[in-house]
Amino acid sequence: MDITQCSVPNLAKSCFFIIVNLRVIENITTNYHDMENIATTKTQNFFRILLGLFMITAAMGHFTFQRIDFQAQVPNWVPMDKDLVVILSGIVELAIGLTLIFLTRYKTQIGIGLAVFYVLVFPGNIAQYLNGTDALGMNTDQARLIRLFFQPVLILWALWSTGAFEVLFRKR
């Protein structure tokens, strides 16, 4: 199905899904008023920018040459059109990537939001492994299993490179 053929109920479900997830992120970050000015090292900044570039590149894949592969990762139980899920997640990835690079004032909040995003898309990785779906160059069970272990690395990377660890785990 083409993105232009999405029904109004599916679009409404998608908007509701996005709003609920944005509220979750807002609730997490609201409790940390001093997150804006967390100092990070040059190494953290380098890896934050690298992660931002990775997210922008992934987003471009959602819109173009990897679109079908990303659709194959959307679990069948997701109650939305797979193409719409891929487009919406690509938009989120693009926004996060650009924000990581250019809106450094909010890097900590974005780091937490990105970690939450990685948790939210993890069921797609699990479904790809359990269903043996070939996509994104992963055409063996071993490759799909290794990818499952890489997701926590991405979560830690997002939290560390943005200074979010300092905010989330400092002594109160």
- [ ] Kindly provide the set of residues from the range 70-117 that are open to solvent by 40 Å² or more (accessible area, probe 1.4 Å) and either among the hydroxyl-bearing types (Ser, Thr, Tyr) or not in a helix (DSSP H, G or I) (or both), ordered by number.
- [x] Asn76, Trp77, Pro79, Leu103, Thr104, Tyr106
- [ ] Test Tyr118 against the stated conditions and say whether it is under 17 Å from Trp160 (Cβ atoms) and either in contact (Cβ under 8 Å) with a residue 60 or more places away in the chain or among the hydrophobic types (A, V, I, L, M, F, W, C) (or both).
- [x] no
TODO: For the range 41-52, indicate whether the set of residues that are part of a helix (DSSP H, G or I), in contact with a helix residue (DSSP H, G or I) (Cβ under 8 Å, 6 or more places away or on another chain) and of a type in the set (S, T, N, Q) is non-empty.
DONE: yes
Open item on the list: For a quick check of your reading of the model, give me the residue pairs whose first member lies in the range 63-78 and is more than 9 Å from Leu136 (Cα to Cα), whose second is open to solvent by 40 Å² or more (accessible area, probe 1.4 Å) and of a type outside the set (Gly, Ala, Ser), with beta-carbon atoms closer than 7 Å and at least 6 apart or on different chains.
Closed with: Gln71/Lys82; Val74/Lys82; Pro75/Pro123
TODO: Filter the range 121-148 for residues that are of a type in the set (D, E, K, R), open to solvent by 30 Å² or more (accessible area, probe 1.4 Å) and without any contact (Cβ under 8 Å) to a residue 40 or more places away in the chain and give the result.
DONE: Asp141, Arg147
TODO: Please specify each residue of the range 36-57 satisfying the condition of being farther than 14 Å from Ile101 by Cβ, at pLDDT 95 or above and not polar (S, T, N, Q).
DONE: Lys42
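Of all the residues that make up the range 149-164, how many are assigned to a helix (DSSP H, G or I) and either open to solvent by less than 30 Å² (accessible area, probe 1.4 Å) or at pLDDT below 90 (or both)?
Here the count works out to 6.
The values are calculated or read from the model by the stated rules, or taken from the named source; none is laboratory data. Here the structure is a predicted model, which is why all the values come from computation and not from measurement. We place every Cβ from the backbone using ideal geometry, glycine too, and count neighbours over all the protein chains shown. Please note that ligands, DNA and RNA were not included when accessible areas were found on the heavy atoms of the full protein model with its side chains. Shrake-Rupley method; radii C 1.70, N 1.55, O 1.52, S 1.80 Å.
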